[in-house]
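What follows is one structure encoded as structure tokens, with my remarks underneath.
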Amino acid sequence: MTVSTLKESGHEVSFHDLCAEGFDPILMGEELVSDRSDDELVQIHWNEIKEADGIVIIHPNWWGQPPAILKGWVDRVLRENVAYRFPEDDDGSGLPIGLLKARVALVFNTSNTPEERENTVFGDPLERIWKDCIFDFCGVSNFHRRMFRTIAGSTSEQRQAWLDEVMDMVCEHFPGKER
């Protein structure tokens, strides 16, 4: 629904289902200590994320984190000299300079954890991870996230309302382009 909504509004969309495309989430070898990768799929993701005007990420809450494959995507794609860099005289311990040109990032999550428990017991770790640790770090300060819960006990009417809300948020933050 998100992809079709964006396309109907005139946006060019690069869509990725990490599992379906066989994305390898493991950061190893030379890639671990450099900003180079021989993995052609990683290079495609690098090129697309650097050029993206907006980013939409959809994933379940998995132990208060993104699923491992998405965490691996962050590790391998949102790399130094792709998504951020440090000032020339900085050894990497200072504040980065975000390089992503995206004007907005949307993250949609699903969860079976009730909101009160999420906030009081866990402190909503996904908000902190995506907003502060990832997008702000990479230069995308216009960030919006919506958690849909609780999925396990939801009705088809609730799920349709959530899908409608996703479509509304996408249209709000990615208005139609003039053709």
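Against the definition (among the charged types (D, E, K, R) and over 22 Å from Val170 (Cβ atoms)), how does Asp89 come out, yes or no? Criteria met by Asp89. State yes or no: is Val121 under 30 Å from Val33 (Cα atoms), outside any loop (DSSP other than H, G, I, E, B) and free of Cβ contacts under 8 Å to residues at least 60 places away in the same chain? Considered against the rule, which asks whether it is under 30 Å from Val33 (Cα atoms), outside any loop (DSSP other than H, G, I, E, B) and free of Cβ contacts under 8 Å to residues at least 60 places away in the same chain, Val121 comes out as no. Among residues of region 17-60 being of a type in the set (A, V, I, L, M, F, W, C) and touching a strand residue (DSSP E or B) at 6+ places or on another chain (Cβ under 8 Å), the one that is surrounded by the fewest Cβ atoms within 10 Å (Cβ to Cβ) is Ile58.
Residues in region 130-158 that are open to solvent by less than 40 Å² (accessible area, probe 1.4 Å) and assigned to a helix (DSSP H, G or I) were compared, and the one that is farthest from Leu78 (Cα to Cα) is Trp130. Of the helices (runs of 4 or more DSSP H) lying entirely inside region 17-112, those containing at least 3 residues that are over 14 Å from Phe137 (Cα atoms), in contact (Cβ under 8 Å) with a residue 24 or more places away in the chain and hydrophobic (A, V, I, L, M, F, W, C) span 40-51, 68-77.
Each residue in region 2-16 was checked for being open to solvent by 70 Å² or more (accessible area, probe 1.4 Å) and outside any loop (DSSP other than H, G, I, E, B), and 2 pass.
The values are calculated or read from the model by the stated rules, or taken from the named source; none is laboratory data. Quick caveat: nothing in here was measured; it's all calculated off a predicted structure. Using ideal geometry, Cβ is built from the backbone for each residue, glycine included, and neighbour counts are taken over all protein chains shown. These accessible areas exclude ligands, DNA and RNA; they are computed on the full protein's heavy atoms, side chains included. Shrake-Rupley method; radii C 1.70, N 1.55, O 1.52, S 1.80 Å.
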